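Taking it in order: structure first as structure tokens, then the write-up.
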Amino acid sequence: MVKYFCSNIDIKSTWDHVVSAFWQRYPNPFSTHVLTEDVVYRELTADHRLLSRRLLMKTNRLPRWAERLFPAGMSRSVYIVEDSIVDPVERSLTTYTWNLNHTTLMSVEERCVFLESVEHPATTQLKREAWISSSIYGFSKPIQEFGLARFKSNQVKALKGLEYALTNLQGTSRLLALFRKQTSQKNPQPLSLQPALTEPFLTHAHTHTLTHYNPVGDFTL
Amino acid sequence: MNSVGEACTELKREYDQCFNRWFAEKFLKGDRSGDPCTETFRRYQRCVQKAIKEKDIPVDGVEFMGPNKDKPES
């Protein structure tokens, strides 16, 4: 049996900004469990799509009841693969992310599709799906429940992290634009370093799944 | 962000900087002139692939977008 999760969210930022921030979202204050990040494969296809594979290493904090299912001395790091396809013509970014090790205990697979909104080009639509399963005999049900709950909590962190990267990116580009404007003037005025963004990016989440959940750790993506 | 290979972080930083610039300023704008980051990528890969082997990370031979193929279309 596999637990399934799905959410649709509008990100109040252009698709160009969202996909640029996607590559620059680590580190951020909401992802302290992500320890390393690497690009291990990259290809530009003949039809101008960008294929990438990233390898992430995350900590594997577990609740005490699950700790005893882990053999002593087993690696506590989780390796995650994040494959993605950016199509600048279709204006889509599709990601597929899953854990490479500890898959008997829990396997989490996530698919995200970031699309430019047809009606509102300044908005990016994100559809996030996840499949969570466990093969631990006699414990698969509570582990899947735990995995799903943690996934829900972590997807909120993931969005906050992306939002953080977007703020940084837009702050930098606004500062650069200001700088260029400034340097092209005859009598430059001092730069004003105001916060680039004061409004939240996320305008509307179509699904509200965070009702009865108390986060306990960071196994999932 | 750190690389999984402690010695590769600086090479990764150089590559990321090159890539992010190319991505935003060329790729997204439809500019199909060559990729200026090939050399920095090659240096970074030499380092990181060695680290992956040393740490025995089971990423070799994993199909691109692998498990995705078993999922129902939505």
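The values are calculated or read from the model by the stated rules, or taken from the named source; none is laboratory data. Please read all numbers here as calculations on a predicted model, not as lab measurements. Cβ: placed from backbone, ideal geometry, glycine included. Neighbour counts: every protein chain shown.
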Can you find even one residue in segment B:57-74 that is surrounded by fewer than 12 Cβ atoms within 10 Å (Cβ to Cβ) and modelled with pLDDT of 95 or more? no
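Checking the condition surrounded by 12 or more Cβ atoms within 10 Å (Cβ to Cβ), more than 7 Å from chain A (Cβ to nearest Cβ) and touching an Asp or Glu at 6+ places or on another chain (Cβ under 6 Å), which residue from B:40, B:9 passes?
B:40
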Tell me which residues, restricted to segment A:10-31, are of a type in the set (Val, Ile, Thr) and under 13 Å from the mean Cα position of the chain (by Cα). A:11, A:18, A:19
Unique residue being closer than 17 Å to residue A:125 by Cβ, surrounded by fewer than 20 Cβ atoms within 10 Å (Cβ to Cβ) and not aliphatic (A, V, I, L, M) when the list is A:47, A:87: A:87
Would you say residue B:31 is in a helix (DSSP H, G or I), on the phi < 0 side of the Ramachandran plot and either at pLDDT 95 or above or loosely packed, with under 15 Cβ neighbours inside 10 Å (or both)? no
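Could you grab me the full set of residues in segment A:18-36 that are more than 8 Å from chain B (Cβ to nearest Cβ) and free of Cβ contacts under 8 Å to residues at least 12 places away in the same chain?
Step one: list which residues in segment A:18-36 are more than 8 Å from chain B (Cβ to nearest Cβ), which gives A:18, A:21-22, A:25, A:28-33.
Within segment A:18-36, just A:32 meets the criteria.
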Among the residues in segment A:108-122, are any crowded, with 20+ Cβ neighbours inside 10 Å, among the hydroxyl-bearing types (Ser, Thr, Tyr) and either within 14 Å of chain B (Cβ to nearest Cβ) or touching a residue at least 24 places away in the same chain (Cβ under 8 Å) (or both)? no
Restricting attention to segment A:76-85, does a residue exist that is more than 10 Å from chain B (Cβ to nearest Cβ), assigned to a strand (DSSP E or B) and in contact with a helix residue (DSSP H, G or I) (Cβ under 7 Å, 6 or more places away or on another chain)? no
Could you please find all residues in segment A:135-159 being of a type in the set (A, V, I, L, M, F, W, C) and either part of a helix (DSSP H, G or I) or modelled with pLDDT of 85 or more (or both)? A:143, A:146, A:148, A:149, A:151, A:156, A:158, A:159
